[in-house]
1. All but one of (1) outside any helix (DSSP H, G or I); (2) open to solvent by 70 Å² or more (accessible area, probe 1.4 Å) hold for Leu178; which doesn't?
2. With respect to Ala224, determine if the residue is within 14 Å of the chain's Cα centre (by Cα) and either modelled with pLDDT under 95 or within 14 Å of Leu132 (Cβ to Cβ) (or both).
3. Looking at (1) loosely packed, with under 15 Cβ neighbours inside 10 Å; (2) within 16 Å of the chain's Cα centre (by Cα), find the lone condition where Pro202 falls short.
4. Of all residues in the stretch 161-174, which are surrounded by fewer than 23 Cβ atoms within 10 Å (Cβ to Cβ) and part of a helix (DSSP H, G or I)?
5. Taking into account only those residues within the stretch 57-112 that are of a type in the set (A, V, I, L, M), touching a Phe, Trp or Tyr at 6+ places or on another chain (Cβ under 8 Å) and free of Cβ contacts under 8 Å to residues at least 60 places away in the same chain, which is most open to solvent (accessible area, probe 1.4 Å)?
6. Select from the stretch 2-27 the residues that are out of contact with any helix residue (DSSP H, G or I) (no Cβ under 8 Å at 6 or more places or on another chain) and not hydroxyl-bearing (Ser, Thr, Tyr) and list them in ascending order.
7. Filter the stretch 25-43 for residues that are of a type in the set (D, E, K, R) and either crowded, with 16+ Cβ neighbours inside 10 Å or farther than 26 Å from Ala207 by Cα (or both) and give the result.
8. Name the one entry in Asp195, Asp183 that is loosely packed, with under 15 Cβ neighbours inside 10 Å and either of a type outside the set (Phe, Trp, Tyr) or farther than 19 Å from Ile11 by Cβ (or both).
Amino acid sequence: MNPLDGKTALITGAKGGLGSFVTEAFLAAGARVVGVSRSIRDSDFSHPLFAAMPAELSGGEAARKLVDSVVARFQRIDALIHVMGGFAGGVRVDETDDATLDRMLDQNYRSAFFLARAVIPQMRRQNDGRILAVASRQAVEPMAMVGAYSASKAALVSLIHTIALENREHRISANTILPGTMDTPANRAAMPKEDFARWVRPGDVAALLVHLASDPGSGVTGAAIGVYGRQV
């Protein structure tokens, strides 16, 4: 028996550099996966348990409509896996423009807030659920020249911890994963001279998310879990 048999997982950023690994891992673990991104299609993953729902998650109403559609089609949401996000860096805080700050908050914090706010009532009705978000090591170990990015990821960690505290009596666990630099095609292209062997393998992050979404992982909540590969 697979660890996620019979469960429905809503995965944002489902076909991105990390999201593709996460989607494949959840499908392999037996979950029905509803994959979300702006341009996702059913044909992106050739699996009978995969369903694509294209969506723009920049506002609360869009998140509510998405969640309502998933519940109407599959009756429940057992896990929200928030993988989507963005990165901007290379300038000091005093050089960061308003548009960059807004983009980091939209992609890394507000989208998670809107989705969690929409999903929690359904999970409370079920008296069960998992809310998992991919943040970043820089949420807890900020570096120079990435102030807006680090702050947006720190806000995400705080949000998910608060959700864990507010919903523990309803068997809803909530955790964040804090990866170091991940071995994705985009990162290799951006940093071709780095030692890729030291980077985090996306499959390791995906496997941890599967465990946390499973029944054996239900006892872990309110945690921010570092996954640093050989960058410790």
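The values are calculated or read from the model by the stated rules, or taken from the named source; none is laboratory data. Fair warning: this is a prediction, and the values are worked out from it, not measured in the lab. Here Cβ is always computed from backbone atoms with ideal geometry, including for glycine, and neighbour counts include all displayed protein chains. SASA here: full protein model, heavy atoms, side chains in, ligands and nucleic acids out. Shrake-Rupley method; radii C 1.70, N 1.55, O 1.52, S 1.80 Å.
1. Among (1) outside any helix (DSSP H, G or I); (2) open to solvent by 70 Å² or more (accessible area, probe 1.4 Å), the lone unmet condition for Leu178 is (2).
2. yes
3. (1)
4. His161, Thr162, Ala164, Leu165, Glu166, Arg168, Glu169, His170
5. Per the criteria, the residue is Ala62.
6. Listed by number, the residues that qualify are Asp5, Gly6, Gly16, Gly19, Leu27.
7. Arg32
8. On inspection, the qualifying residue turns out to be Asp195.
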